[in-house]
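Report on the structure given below.
Please treat every number below as a calculation from the coordinates, not as lab data. Because the structure is predicted, anything quoted here is derived from the model rather than measured. Virtual Cβ from ideal backbone geometry, glycine too; neighbours counted across all protein chains shown.
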Protein chains: 2
Amino acid sequence: MPAGRTILASTIAKPFQEEVSKAVKQLKFVPKLVGFLANEDPAGKMYANWTSKTCESLGFTYELIEVNKNELETSLIKANKDDSINGIMVYFPVFGDKQDQYLQQLISPEKDVEGLNFLYYHNLYHNVRFLDPPANQQKSIIPCTSLAMVKILEYLGIYNTILPYGNRLYGKKVLIVNRSEVVGRPLAALLANDGAIVYSVDINNIQQFTRGDDLSEQRHKVLELSETETLEKLAPQCDVIITGVPSESYKFPTNLVTHGTTVINFSSNKNFNDDIKERAGLYVPSIGKVTIAILLRNLLRLIHNKQIRQGEEAN
Amino acid sequence: MPAGRTILASTIAKPFQEEVSKAVKQLKFVPKLVGFLANEDPAGKMYANWTSKTCESLGFTYELIEVNKNELETSLIKANKDDSINGIMVYFPVFGDKQDQYLQQLISPEKDVEGLNFLYYHNLYHNVRFLDPPANQQKSIIPCTSLAMVKILEYLGIYNTILPYGNRLYGKKVLIVNRSEVVGRPLAALLANDGAIVYSVDINNIQQFTRGDDLSEQRHKVLELSETETLEKLAPQCDVIITGVPSESYKFPTNLVTHGTTVINFSSNKNFNDDIKERAGLYVPSIGKVTIAILLRNLLRLIHNKQIRQGEEAN
């Protein structure tokens with residue numbers, strides 16, 4: 001019997017599903033999310049089916065649009081202009097190269113439920129939390145996997161609510177194995193902006209994201225660590241270890257995890273062997289269900305922000 | 001502006017004062033606490049006045065009995081037998097030697113609000129939480145300063161409520177500077193029994209209290225650390241630093257406190273310089289008000305336990 005506890009994403013997702021489902025009922029219309037699938041990837045289709053089911057069970061309309069990859073650009077521009085569509089997402093990869101980033105940026109920020117627009121990343125990196133300072137009525141959208149991770153860390157008690165808002169990870173050390181532009185790097189910045197010391201690991205090196213030991217900086221700075229600061233040295237010091245390695249064969253070495261550490265995997269592959277349960281204080285083996293609940297929460301935020309803007313225009 | 005937060009004992013004590021005050025109103029009588037003062041120590045008298053005020057504001061009766069130290073033994077025996085008295089405490093030191101321990105053990109466990117009886121220490125050290133297994137209706141009394149510390153750590157979010165009860169400090173490292181029999185050693189055992197790795201520091205050495213890395217032990221074991229495991233090495237690794245050094249001149253070195261650490265002083269002397277506020281994530285400069293609220297909570301528990309026993313006898 002392990003001393004710690006395994007927490008399933010479904011458990012963590014539940015209050016957000018309830019929040020979202022309740023908020024939808026308050027609206028005078030049924031919000032519509034459109035997903036574009038422009039590849040033959042069966043994983044994309046599976047994910048689309050899953051999004052569809054979640055949407056419908058929580059009171060949203062979902063439409064899957066399958067298009068040829070060369071038609072995706074035109075379809076996105078059309079969807080941006082279509083007032084019946086509130087949220088847009090694309091199942092990447094499409095071309096699998098820089099063109100995908102162009103397509104991603106093409107989605108209007110007003111309909112970007114995943115929070116992948118440059119505007120939102122910029123705000124995240126700069127610790128800017130509102131779209132309309134100084135009124136601060138419209139919250140910026142946070143990329144949904146990163147925000148899901150924050151919500152998971154809050155649920156697990158890693159965010160200490162007795163500390164001032166914005167400093168609630170003060171004193172916590174977090175290791176993130178993944179530095180992709182979509183999740184790993186923005187997540188490292190987000191957690192550092194909340195007060196953590198974050199070690200961001202990729203195949204080349206380890207970077208440290210921090211607001212300074214005493215949080216004297218308004219936002220994080222990045223420092224490339226010397227080669228003596230190895231994974232073997234840093235991992236055992238961490239309160240939280242997060243992995244997101246998209247590989248069937250990769251396993252984080254269990255022996256580098258100090259007993260009682262919080263361990264979270266956001267890869268769709270299993271990045272830990274089962275013996276992690278003997279060491280982790282809290283272990284979250286996957287996060288998909290939280291991410292999708294947060295995606296719908298983002299959709300409601302986009303609708304809220306639009307209503308605020310329209311209210312302002314009407315005044 | 002420090003990134004962390006200073007938390008006053010009065011803030012933490014408040015919910016316990018409210019709980020105690022509400023519970024007293026449910027009783028069919030006004031509980032009576034008696035304090036024995038048998039020395040000329042002005043600090044003892046001050047503490048007695050303070051106990052008196054708290055008791056009366058929360059709905060208890062308090063009586064201070066001043067006796068000659070040679071009459072204390074007889075007075076305690078009399079108080080043990082007096083049904084109008086529900087709780088007894090003595091303002092130590094009286095003789096200032098082993099005789100004080102004899103007098104302490106003389107207080108009936110049924111009236112021992114401070115939880116200093118050997119029975120209660122034994123239960124604490126052996127992680128035995130009830131007086132009447134297997135019925136488990138009567139909770140054991142926990143020495144009030146140690147219990148106050150647990151309640152403070154719960155308030156500060158150090159106990160992680162998502163972990164199983166009894167393991168909620170799993171993954172936490174705690175340094176305690178004080179290994180007295182009254183507070184430091186039982187506190188170290190208590191926190192280790194709840195899953196922490198505790199470094200217990202006194203003038204001679206550093207001991208480690210732990211239930212094993214994976215909490216495989218039911219109760220803590222104590223290990224004397226080698227001389228290479230210095231305060232300088234261990235303190236910066238700790239999530240929590242607790243001091244209780246009864247000296248005006250002693251100051252814990254601020255530079256050994258990692259930024260974001262939780263810092264608590266239970267000595268009536270200030271064991272930290274003011275610059276600790278620049279480093280501590282959470283700083284509790286004193287705990288007296290929590291301790292006294294917990295003492296009254298213990299008194300109610302003694303009354304509850306007695307009612308359970310009388311109910312059983314009546315059956």
Checklist entry - Taking the alpha-carbon centroid of each part, what is the distance from the range B:246-315 to the range B:22-89 in angstrom? => result 21
Item to check | Within the protein assembly as shown, percent of DSSP bridges classed antiparallel, to nearest 5 | outcome: 25
Item to check | Label-point separation, A:TYR102 to B:ASP274 (7 Å along Cα→Cβ), nm | outcome: 6.2
Checklist outcome for this item: Here the correct list, in nm and shortest first, of distances from B:THR74 to the same site in the other copies, label points 7 Å along Cα→Cβ, is 10.8
Checklist entry - Per Stokes-Einstein, at 10 °C and 1.306 mPa s, what whole-number D in µm² s⁻¹ belongs to chain B, with the Kirkwood radius over Cα pairs as the hydrodynamic radius? => result 78
Checklist entry - Under the rule of -39500 (n - 2.57) per DSSP H run of 4 or more residues, summed and divided by the residues of chain A, what mean residue ellipticity at 222 nm is obtained, to the nearest 500 deg cm²/dmol? => result -11500 deg cm²/dmol
Checklist entry - What gaps in nm, shortest first, separate B:HIS126 from its twins in the other copies when you place the label 7 Å past Cα toward the beta carbon? => result 6.5
Checklist entry - For the range B:60-201, treating each Cα as an identical point scatterer without solvent, what Debye log10 I(q)/I(0) comes out at q = 0.12, 0.19 1/Å? => result -0.58, -1.16
Checklist entry - Among B:THR261, B:ILE12, B:ALA280, whose Cα lies farthest out toward the positive end of the dipole of chain B, if unit charges sit on the beta carbon of Lys, Arg (+1) and Asp, Glu (-1)? => result B:ILE12
Item to check | Most mobile listed residue (A:ALA280, A:ALA135, A:ALA43) in chain A, GNM with C-alpha springs under 10 Å | outcome: A:ALA135
Item to check | Descending semi-axes in whole angstrom, ellipsoid equivalent of the range A:1-133, from the Cα gyration tensor | outcome: 26, 20, 19
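Rank these for me by crowding, A:SER146, A:SER57, going from fewest to most other beta carbons within 10 Å.
Details: A:SER146 25, A:SER57 10.
Result, fewest neighbours first: A:SER57, A:SER146.
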Item to check | Inter-label distance, nm, simple model (7 Å from Cα along the C-beta direction), A:ASN255/B:SER247 | outcome: 4.2
Item to check | Footprinting exposure proxy for A:ILE77, A:ILE197 (fewest neighbouring C-beta atoms within 10 Å first) | outcome: A:ILE77, A:ILE197
Checklist entry - Taking the Cα atoms of the range A:145-289, what is the range of coordinates along each of the three principal axes, in descending order and whole Å? => result 40, 34, 29
Item to check | FRET efficiency, A:ASP213 to B:SER10 (Cβ-Cβ, R0 30 Å, nearest 0.05) | outcome: 0.50
Checklist entry - In nm, one decimal, shortest first: how far is the label point of B:VAL30 (7 Å from Cα along Cα to beta carbon) from the matching points in the other copies? => result 6.6
Item to check | Ordering of A:204-213, A:258-267, A:283-292 by burial proxy (mean other Cβ atoms within 10 Å per residue, highest first) | outcome: A:258-267, A:283-292, A:204-213
Checklist entry - To the nearest whole number, what is the average tally of beta carbon atoms from other chains within 10 Å of the beta carbons of peptide B:150-159? => result 2
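What list do you get for A:ILE7, B:ILE142 if you sort them by fewest beta carbons within 10 Å? If you can, show how the numbers build up before the last one.
Details: A:ILE7 19, B:ILE142 25.
Least crowded to most crowded, the residues run A:ILE7, B:ILE142.
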Checklist entry - Under the definition of partner shielding as Cβ atoms of other protein chains within 10 Å of a residue Cβ, what is the mean value for peptide A:160-172? => result 5
Next on the checklist: With θ taken as phi - 60° and the coefficients 6.51, -1.76 and 1.60, list the Karplus ³J(HN,Hα) couplings across the range A:149-154 in order, rounded to whole Hz; mark glycine and proline as x.
Outcome noted: 5, 4, 5, 5, 5, 5
Item to check | Ellipsoid equivalent to the range A:241-288 - semi-axes via the Cα gyration tensor, in Å | outcome: 17, 11, 8
Item to check | GNM flexibility winner over chain B from B:THR254, B:THR161, B:THR74 (Cα, springs under 10 Å) | outcome: B:THR74
Checklist outcome for this item: Tilt, helix A:42-58 to longest principal axis of chain A (alpha-carbon atoms), in degrees rounded to tens, equals 70
Item to check | Estimated FRET transfer efficiency when R0 is 60 angstrom, pair B:ASN80-A:VAL30 (beta carbons, to 0.05) | outcome: 0.25
Item to check | Estimated FRET transfer efficiency (B:GLN307, B:LEU223; beta-carbon r; R0 41 Å; 0.05) | outcome: 0.50
Item to check | Within straight-line cross-link reach of B:LYS25, lysines at Cα separation under 24 Å, skipping those fewer than 8 residues along the same chain | outcome: B:LYS14, B:LYS53, B:LYS111, B:LYS139, B:LYS151, B:LYS289, B:LYS306
Checklist entry - Comparing B:PRO164, B:PRO134, B:PRO93, which has the greatest mean-square fluctuation in the GNM of chain B with Cα pairs linked when under 10 Å apart? => result B:PRO134
Checklist entry - Using the Kirkwood formula over every pair of different C-alpha atoms, what hydrodynamic radius in Å results for the protein assembly as shown? => result 27.5
Checklist entry - What ³J(HN,Hα) values, in whole Hz, does the Karplus curve 6.51 cos²θ - 1.76 cosθ + 1.60 give for the range B:19-27 when θ = phi - 60°, with x put for Gly and Pro? => result 4, 5, 4, 5, 5, 4, 5, 6, 7
Item to check | trypsin sites (Lys or Arg not before Pro) restricted to DSSP loop in the range A:76-163 with at most 12 other C-beta within 10 Å | outcome: none
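In the range B:132-186, which chymotrypsin sites (Phe, Trp or Tyr not before Pro) fall in coil by DSSP and have 11 or fewer other Cβ atoms within 10 Å? Please list the in-between numbers first.
Working: sites: B:TYR155, B:TYR159, B:TYR165, B:TYR170; in loops: B:TYR159, B:TYR165, B:TYR170.
Listed in order of number, the matching sites are B:TYR165.
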